[in-house]
Amino acid sequence: MYYIEIEDLVANALIELLERFEKKTISFQTLSRYGDIVVEHLVRNNKEVVAMYTRDKTDKFFKDYTGFFDVDDEGITLREGITVKQLKDKFRYSIAFDVFLAFISEEAVNILKAA
């Protein structure tokens with residue numbers, strides 16, 4: 001079983017946005033759609049997955065990762081000075097390979113591209 005935490009979702013979305021499209025902000029709506037596609041990708045590949053986006057976990061994320069991200073009414077922005085390498089070191093290299101593949105899947109990236 002795979003567990004996708006809100007911080008992994010946000011960081012991996014921003015890694016893809018920055019590397020592919022040079023964008024540093026993601027709206028909450030796009031993040032939600034991206035998360036749905038990631039989960040659907042895993043389920044389609046016969047993987048059990050739980051998305052950990054509860055209100056408590058989201059509030060904790062906003063407090064724990066203020067050094068990485070700024071949050072406003074529109075969405076989440078990568079803080080100035082934070083690099084893709086830092087995001088990968090902190091959030092990407094520790095995730096399961098199947099989850100990584102879901103984060104970078106064509107359908108997930110297309111959600112980010114359309115935003």
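The values are calculated or read from the model by the stated rules, or taken from the named source; none is laboratory data. The model shown is predicted, which means the values in this text are computed figures rather than measured ones. We place every Cβ from the backbone using ideal geometry, glycine too, and count neighbours over all the protein chains shown.
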Out of Ser27, Ser32, I need the residue that is out of contact with any helix residue (DSSP H, G or I) (no Cβ under 8 Å at 6 or more places or on another chain) and touching a residue at least 60 places away in the same chain (Cβ under 8 Å). Which one? Ser27
All positions within segment 63-90 that are touching a helix residue (DSSP H, G or I) at 6+ places or on another chain (Cβ under 9 Å) and within 16 Å of Ile6 (Cα to Cα): Asp64, Tyr65, Phe68, Phe69, Val71, Gly75, Ile76, Thr77, Leu78, Leu87, Lys88, Lys90
Can we say Ser105 is under 16 Å from Asp8 (Cα atoms), more than 12 Å from the chain's Cα centre (by Cα), at pLDDT below 95 and not β-branched (Val, Ile, Thr)? no
Residue pairs, Cβ under 7 Å, 6 or more apart or interchain, first in segment 56-82 and of a type in the set (A, V, I, L, M), second at pLDDT below 95. List them. Val71/Phe62
